[in-house]
């Protein structure tokens, strides 16, 4: 089953529903930075996201320094942003 890349209109509409996420990589990805009280909180959050990502078979690109976690979502199989990324962003938001 192929995953389809969002059109620019779909992308803009979904991004409006994800106000804390921003376009990245020329519109082919979305990104958000999460800030926590300390490293333990950040790492715990990353662990919860990792379990979610494994269950959904949709793994984020991320970067962590101390209390900050930067997450980028894109669907490589679609060549850019897809509905899978939007759904994953909503699930990640619920964990924060």
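The values are calculated or read from the model by the stated rules, or taken from the named source; none is laboratory data. This one's a predicted model, so the numbers in the text were calculated from it and none came from an experiment. So basically every Cβ, Gly included, is an ideal-geometry build from the backbone, and we count neighbours across all protein chains shown.
Here is a yes/no grid of residues against (1) modelled with pLDDT of 95 or more; (2) surrounded by fewer than 17 Cβ atoms within 10 Å (Cβ to Cβ):
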{"residue": "1", "(1), (2)": "no, yes"}
{"residue": "35", "(1), (2)": "yes, yes"}
{"residue": "38", "(1), (2)": "yes, yes"}
{"residue": "45", "(1), (2)": "yes, no"}
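Name the residue, out of 85, 26, 77, that is touching a residue at least 12 places away in the same chain (Cβ under 8 Å), surrounded by fewer than 18 Cβ atoms within 10 Å (Cβ to Cβ) and under 25 Å from residue 5 (Cα atoms). So that I can check it myself, show each step before the final result.
On the way: 85 fails: surrounded by fewer than 18 Cβ atoms within 10 Å (Cβ to Cβ); 26 fails: touching a residue at least 12 places away in the same chain (Cβ under 8 Å).
Just one listed residue meets the conditions, 77.
So residue 69 passes all but one of these: (1) within 13 Å of the chain's Cα centre (by Cα); (2) in a helix (DSSP H, G or I). Which condition number does it fail?
The single condition residue 69 does not satisfy is (2).
Can you name every residue in the range 3-33 that is in contact with a helix residue (DSSP H, G or I) (Cβ under 6 Å, 6 or more places away or on another chain) and modelled with pLDDT under 90?
Listed by number, the list holds a single entry, 3.
Take the residues of the range 47-74 that are in contact (Cβ under 8 Å) with a residue 40 or more places away in the chain and under 15 Å from residue 31 (Cβ atoms): which is surrounded by the most Cβ atoms within 10 Å (Cβ to Cβ)?
So, considering only residues that are in contact (Cβ under 8 Å) with a residue 40 or more places away in the chain and under 15 Å from residue 31 (Cβ atoms), the one surrounded by the most Cβ atoms within 10 Å (Cβ to Cβ) is 73.
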